[in-house]
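Below is one structure; the comments refer to it alone.
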Amino acid sequence: MTSLATLKTAVKRALRQASRATDVREAEVIASSTDHLLCRLNYTSGIPCHGVEEPKSSESFGIGIRAIFTGSDGPRLGFGSETGDLSPAAIRRALEKARHNATADSEFVSLPTPPAVKSSRKPAQLIRCYDPAIMNLTDKALVETGWRVIQEALKTFTASESLAELAGSRDRVPSLGVTVGGDVSLYRQRIAIASTHMPKVQTDESTYLTSSVTAMLENQHAKGSGYTAVPHLSKFKGESGSEAARNAMRAIGGHRVASGTYTVILGPQPVSDLMVNLILPSLSAEAFYSCRSAFLGELQHPVASPRLTIYDQGAGRGLVGSKGITCEGLPTGRTSLITNGVLEGLLSNYYETQRLLHDPHGRDKLGINPQEHADALVPRNGFRLSSRGRRQFDVPPTIAATNVFIEGTEPHTPDSLLRIVENGIYIGRVWYTYPLNGLRAGDFTCTVVGDSYLIRGGRIIAPIQGNTVRMTGNIRHLLNNILGITNQARPIVEWGTDEVIYAPEIAVKDVRLSEIAQFMESV
Amino acid sequence: MTRLRAAKSLTVESLDKAKRVAVDLLRETRRRQKDCRYVDLRIEIAESKSACAENGVEKAAQEDYLFSFGIRVLAGDRLPSPGYYGRRLSSADLPHLTTILRDGFKHAYDRAIANARGKEHTKKQFKILGESLTGLTLAPIEVRQDTIKAECSVDPRSVPLSEVSRQTVDVSRAVKSLGARIKFNAISTSTGLSRELFTSSEGALIDQSFATTLGFCWVVAENDTAEQALYDYIGHQRGWEVITEGTRNPLIRHLDLLTFATSLGRDCLRLLDAPPLRATDKEVVVITDPHYNALLAHEIIGHPTELDRVLKMETAYAGRSWLFQDLNRNQIGRQIASPLVTAYSDPGLPGLGHYIYDHEGTPARKVIHIDKGIFTGFMNSRQTAAILGAEPNGSYKATEASMVPLIRMSNTVFAAGPHNPERIIADVDHGYYLVGHRIPSIAESRENFSISAQKVYEIRNGQVGQLYRDGGMTADTKDYLMNVDAMGTDFRLTPIPNCGKGQPLQTKRLGNGGPTIRSRARLIGR
């Protein structure tokens, strides 16, 4: 990886070079070095396989320049970047690209400026919040993390007396169709940023590890999941593998559920899936500007049960998604989104905040006068993220959540939540949760794919067979029908997403479930 | 322009130099490294231009290049295993490419060796459960050296960025001018030329170029009682003419971006005045148009016939396939659809899914998935073909060279049938006509689907009548396929520019299609 000192020097040099250009009115320079090291896992007892299927990495570093150029037709905003090179020549090329790419965006106000009131938090506390073991990971150590998960899962299956009994003997356990799939992902990222408005170079450095594992006993239609998200390698023992294996065994003998309306408990993964695909996209300033949000025109209004509070916390120590600064050089921090059911604030970056503050239709879109409620639009979430491994120099800032917390007003435990439900369904994993009529309509559907159970008499009594139930609803209806939220949450990073959802379990009434795929019983 | 040329010191022609370096290095590497069984290398250079506009306002424009490489090594003594390495590069890296690639080989090789040791250790430790851990083999292919040129009338490199931006803004302004009920619109365009080199230790040397152009439109409309948001794409493996003139290929037909986007805007406005569709508890007759069936083919034919997913490699991500439980229990050779249904993937068809060789140098060929209702086979890679004892069919593709390829659709389609599409509607007493795909939600093994439509019309006595918004259909896949009783002659291909798969997620452009189809399903609605 490129050192922080090298990134810092390049940013200083680039800002100097950009500032010397006579046509540059404002400039912002970011340099980053980001690695995503990954082992994809695939073990199948009945099909020839390789265990660690793909030990691989995606690595990049470089420099990006956003600049405002003066011209005869007014100011023009441009962005240019260079990959794999931080030399003065690369800086020249990036600046030239920014000039060439510049456009006259009449809604642009300025590049980010420092917040009027200085944050009391010291961002420097987070800067060293990284794990040297991940920063210096060798190829051998990367591969070992993958095998650790496979071994933990196989150990759990091998140790189970009941599984051996079900198979007929220990030697016949493979005939149950043991499957272990998923990944171990290690992220390491360094950024340095400075601008005309914030000339002192700010840096940030972070590491974390996530692992998402699915284990199955195919012949029993039994599926279980395991998750890990930790900031330090030493905290990872491959437990995502053993958890998935335990949950797969717990799912043996799954039942079908008749179509109907049920009271359900949504486990951490479904809560996370709903957050990532429906709720958070509706809570971004950009969704309000473009009239797409399910909560359009409802700032300061009740949008959910008074039991529900949601906030984003980008600066919490020890949290997986924490960052010292945004990718616009602004402080991260806590953004209250929904408090006791009332929509309080939005996730935003500097551009979208300025755009809404100056939008003649801003009052209609938000439901309040944005000029009088600027605290609902603080740009704490401007990040430059890419599927190639999080923070990247070569993309302009968009809006992304960091660590999202979902909390309830009453301190429920998983057991007390089960007692509230009394008779219903525990839904532990869903799939393909999409807004079928667009985000604003709020209608959604998904299928229940595993980790789910029947609840009778306030207790979990039997597993539900995966891929046999479709859940359909409206997100507004669901948020208003919340019965309770547990006070225990676990970090979930959904496939293909960046934010970490600290997801509790949530009980909801009047949820429509439909039985599907009956034909599979005879396949 | 002169200054930008200096800034853009890398072009697709720069791959000529990389080609010589790659071939020499590959030969040397396999010879030198102990237990190295196979190596392949992909290098890609792409030049692209793009622009976006919102509500008639210019938002961003970009002209840039992409230079990246990816290496696969199979190495190990008793249980050869894979190791991968990929990276994006700079124009300044070109003179140092030998050193950079050598370093990449070392990483991939070290990972493969560590992987082989981990596999041997685990196999010993778990004995019975370790039996399925095997050495990786690649099914044999005909090793080729070939060069494929891109096809286009207006070379993407010849279009000034200012022109790309101007046309994008003009389209956005035109959509805005449709009226005050249009609350938001976003238009984006991109055009580019990419050149991909594949070389392997078996002696393959494939040099393929592609021109690709896409246009995207997203419209939000609102009145006092309703809102509607629609989005759609045009796209083809051609030059800038895709945006300015549209495409009039016998299999791909779309309008120029201006006409296309304003037409979508008008649809959005019409839908504001339409009532929402009510969901049904029972099945009804559903007729779906070729655009809707493109996404249907994508979700219920394409994805479940990707052999990596079938062999459980995507269990934790994109899911498995109901067509295959294990090597002994699967649907190969069984009837899964009406005899009217034939479905296949064909990289030889034009459009976003067209290519001649995949990313491991396998000559790409048509794969029949369903032949007159009988399930016949999967898309595969050399690794997965070896497991099933099948012949590789060239379906292993990556979004860019630094990423590890996955099994991907090319052009996956329902074949045309014998029925006149107008008669398919006219023969219905009561049913629904679903036009244009919108948003899918598919069950994990693709055994059930729910896909919303842009527009739904009620059919009464063979006539298309009342228009509804916010509707679609849901069904169990096999039931839907078995109930098909008409397949139209009006086959069309539709671009799908955003298919997500893999970890990390790769977003791929491909083609899907089909004719008008009649079957039975439940309606979804509000």
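The values are calculated or read from the model by the stated rules, or taken from the named source; none is laboratory data. All values derive from a computational prediction rather than experimental measurement. Glycine gets a Cβ as well: all are built from the backbone with ideal geometry, and neighbour counts include every protein chain shown.
Can you confirm whether A:S272 is free of Cβ contacts under 8 Å to residues at least 60 places away in the same chain, hydroxyl-bearing (S, T, Y) and within 30 Å of A:E352 (Cβ to Cβ)? The answer is no for A:S272. Within segment B:1-24, the set of residues being at pLDDT below 85, in a helix (DSSP H, G or I) and surrounded by fewer than 18 Cβ atoms within 10 Å (Cβ to Cβ) comprises B:T2, B:R3, B:L4, B:R5, B:A6.
Would it be correct to say that A:I475 is free of Cβ contacts under 8 Å to residues at least 12 places away in the same chain and more than 18 Å from A:H412 (Cβ to Cβ)? Considered against the rule, which asks whether it is free of Cβ contacts under 8 Å to residues at least 12 places away in the same chain and more than 18 Å from A:H412 (Cβ to Cβ), A:I475 comes out as no. So is B:Y355 part of a strand (DSSP E or B), of a type outside the set (A, V, I, L, M, F, W, C) and either within 21 Å of B:Q237 (Cα to Cα) or more than 15 Å from the chain's Cα centre (by Cα) (or both) or not? Here the answer is no, as B:Y355 does not meet what is asked.
Every residue, every condition in (1) in a strand (DSSP E or B); (2) within 23 Å of B:L352 (Cβ to Cβ); (3) of a type in the set (G, A, S), yes or no:
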residue: B:P140; (1), (2), (3): no, no, no
residue: B:V143; (1), (2), (3): no, no, no
residue: B:T147; (1), (2), (3): yes, yes, no
residue: B:E151; (1), (2), (3): no, yes, no
residue: B:R157; (1), (2), (3): no, yes, no
residue: B:S162; (1), (2), (3): no, no, yes
residue: B:V169; (1), (2), (3): no, no, no
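If only residues of segment B:443-498 that are in contact with a His (Cβ under 7 Å, 6 or more places away or on another chain) and of a type in the set (A, V, I, L, M) are counted, the one that is nearest to B:T516 (Cα to Cα) is B:M487. Among the residues of segment A:136-190, those identified as among the charged types (D, E, K, R) and in a helix (DSSP H, G or I) are A:D139, A:K140, A:E144, A:R148, A:E152, A:K155, A:E161, A:E165, A:R170, A:D171, A:R172.
For segment B:252-288, a tally of residues being among the aliphatic types (A, V, I, L, M) and either more than 26 Å from the chain's Cα centre (by Cα) or more than 29 Å from B:T213 (Cα to Cα) (or both) returns 10. The requirement of being farther than 28 Å from B:Y317 by Cβ, out of contact with any Gly (no Cβ under 7 Å at 6 or more places or on another chain), at pLDDT 95 or above and in a helix (DSSP H, G or I) is not satisfied by A:F295. One residue stands out among those in segment B:293-337 that are away from chain A (no Cβ under 11 Å), crowded, with 20+ Cβ neighbours inside 10 Å and closer than 21 Å to A:E521 by Cα: the one that is farthest from the chain's Cα centre (by Cα), which is B:A337. Does segment B:215-230 include one or more residues that are surrounded by 17 or more Cβ atoms within 10 Å (Cβ to Cβ), closer than 20 Å to B:L178 by Cα, among the charged types (D, E, K, R) and within 14 Å of chain A (Cβ to nearest Cβ)? Checked segment B:215-230: at least one residue is surrounded by 17 or more Cβ atoms within 10 Å (Cβ to Cβ), closer than 20 Å to B:L178 by Cα, among the charged types (D, E, K, R) and within 14 Å of chain A (Cβ to nearest Cβ). Here B:F210 does not qualify as within 14 Å of chain A (Cβ to nearest Cβ) and either assigned to a strand (DSSP E or B) or touching a Lys or Arg at 6+ places or on another chain (Cβ under 6 Å) (or both). A residue that is more than 25 Å from A:R419 (Cα to Cα), within 14 Å of chain B (Cβ to nearest Cβ) and either surrounded by fewer than 23 Cβ atoms within 10 Å (Cβ to Cβ) or in contact with an Asp or Glu (Cβ under 6 Å, 6 or more places away or on another chain) (or both) occurs somewhere in segment A:498-514.
Condition check ((1) away from chain B (no Cβ under 14 Å); (2) crowded, with 24+ Cβ neighbours inside 10 Å; (3) farther than 18 Å from B:S321 by Cα) across all residues:
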position: A:A192; (1), (2), (3): yes, yes, yes
position: A:H197; (1), (2), (3): yes, no, yes
position: A:T203; (1), (2), (3): yes, no, yes
position: A:Y208; (1), (2), (3): yes, yes, yes
position: A:S212; (1), (2), (3): no, yes, yes
position: A:M216; (1), (2), (3): no, yes, no
position: A:G224; (1), (2), (3): no, yes, no
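Summed over segment A:74-111, residues that are hydroxyl-bearing (S, T, Y), surrounded by fewer than 21 Cβ atoms within 10 Å (Cβ to Cβ) and within 8 Å of chain B (Cβ to nearest Cβ) total 2.
With respect to the stated conditions, B:P418 is surrounded by fewer than 23 Cβ atoms within 10 Å (Cβ to Cβ) and touching a residue at least 40 places away in the same chain (Cβ under 8 Å). Among the residues of segment B:131-143, just one is more than 8 Å from every other protein chain (Cβ to nearest Cβ) and over 29 Å from the mean Cα position of the chain (by Cα), namely B:G135.
Against the test of being over 31 Å from the mean Cα position of the chain (by Cα) and on the phi > 0 side of the Ramachandran plot, the options B:K123, B:K106, B:K127, B:K119 yield a single qualifying residue, B:K127. Note on segment B:426-481: enclosed strands (runs of 3 or more DSSP E) holding 3 or more residues that are within 11 Å of another protein chain (Cβ to nearest Cβ) are B:430-442, B:448-460, B:471-476.
The one condition from (1) touching a Leu at 6+ places or on another chain (Cβ under 7 Å); (2) in contact (Cβ under 8 Å) with a residue 12 or more places away in the chain; (3) within 30 Å of A:D443 (Cβ to Cβ); (4) buried (at least 23 other Cβ atoms within 10 Å of the Cβ) that B:L434 does not meet is (1). Taking the numbered list (1) part of a helix (DSSP H, G or I); (2) farther than 30 Å from A:S87 by Cβ in turn, B:I187 passes all entries but (1). So, B:D146, is that one touching a helix residue (DSSP H, G or I) at 6+ places or on another chain (Cβ under 7 Å) and either within 30 Å of B:N249 (Cα to Cα) or at the interface with chain A (Cβ under 8 Å from one of its Cβ atoms) (or both) or not? When the stated conditions are applied, B:D146 does not pass them. Taking strands (runs of 3 or more DSSP E) as the structural unit, those lying wholly within segment B:25-99 and holding at least 1 residues that are of a type in the set (S, T, Y) and within 7 Å of another protein chain (Cβ to nearest Cβ) correspond to B:81-88. Criterion first (under 28 Å from the mean Cα position of the chain (by Cα), more than 30 Å from A:N42 (Cα to Cα), surrounded by fewer than 20 Cβ atoms within 10 Å (Cβ to Cβ) and not acidic (D, E)) does B:L66 satisfy it? For B:L66, the condition - under 28 Å from the mean Cα position of the chain (by Cα), more than 30 Å from A:N42 (Cα to Cα), surrounded by fewer than 20 Cβ atoms within 10 Å (Cβ to Cβ) and not acidic (D, E) - is met. Those strands (runs of 3 or more DSSP E) of segment A:440-497 in which 1 or more residues are farther than 30 Å from A:R391 by Cβ and either modelled with pLDDT of 95 or more or polar (S, T, N, Q) (or both) occupy A:443-450, A:453-456, A:459-463, A:469-474, A:482-485. Working only within segment A:34-73, note down all residues that are of a type in the set (D, E, K, R), closer than 30 Å to B:S81 by Cα and either more than 7 Å from chain B (Cβ to nearest Cβ) or under 24 Å from the mean Cα position of the chain (by Cα) (or both). Passing the criteria: A:D35, A:R40, A:E54, A:K56, A:E59.
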